[in-house]
Amino acid sequence: MEWKKTRLDEARKYIDDIIKAIPDEEDKRGAYVHLYGVGLMAALLALKRGYSREIAEMAEISGMLHDLLTYVDRSADGDDHAHGCAEYAKEHVLDKLTLFNDEEKQMMYNGIYNHSDKHVKGYYFDELIKDADAAQHTLRNPMEDYWYERPRIKQVVDKLVE
């Protein structure tokens, strides 16, 4: 079987170019670690929960986009950052790449838009992004109690290891 470029490959290249343009090296490192970590975790959770490879691909891309604006523009990092991040992802990535149909773009947008509402149970795709974000915060440093002690984290980690 011949290797073929996927939507994820194209999105990753586009997102890489945005991250590479971040002037602050620490912000750039943080963007790669967090965004790609959430992306990988979202794909893993999607597959573990029995969703299709296409859903896993869209979850990975959404994870890579979910906080991108906060690294591009540090002033956007606040309590309501998810909404701005969703708008940025739609305008600067999803609409420009033309890789997704309108329904897929809306699902990805909603997953990004709702990723901070971790106390609210939502659509399955939103939950993938929320859980992936929570898990990445914990797994990047399992000794940090601030994240590890949260109920959502315990639930996600327990499900991953069963």
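Data for the structure
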item	result
Residue among Thr70, Thr98, Thr138 with the largest mean-square fluctuation in a Gaussian network model of the chain, springs linking Cα atoms under 10 Å	Thr98
Taking region 32-122 and dividing mean pair separation by its residue count, relative contact order in percent (alpha carbons under 8 Å, at least six apart)	26 percent
Exceeding the 18 Å Cα-Cα cut-off - candidates Lys5/Lys90; Lys48/Lys118; Lys20/Lys118; Lys20/Lys105; Lys130/Lys154	Lys5/Lys90; Lys48/Lys118; Lys20/Lys118; Lys20/Lys105
Inter-label distance, nm, simple model (7 Å from Cα along the C-beta direction), Arg49/Arg150	1.6 nm
Gained length - Lys5 relative to Glu91, 0.36 nm times residue gap less alpha-carbon distance	28.6 nm
Contact order relative to length of region 7-161, as percent, for alpha carbon pairs under 8 angstrom and 6 or more apart	23 percent
Cα-only radius of gyration and Dmax that characterise region 7-161, units Å	14.4, 41
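The numbers here are math on the coordinates, done by the rules we state, and not lab data. Keep in mind that this is a model prediction, so the values were computed, not measured. In this analysis, Cβ positions are derived from the backbone assuming ideal geometry, glycine residues included, and neighbour counts consider all displayed protein chains.
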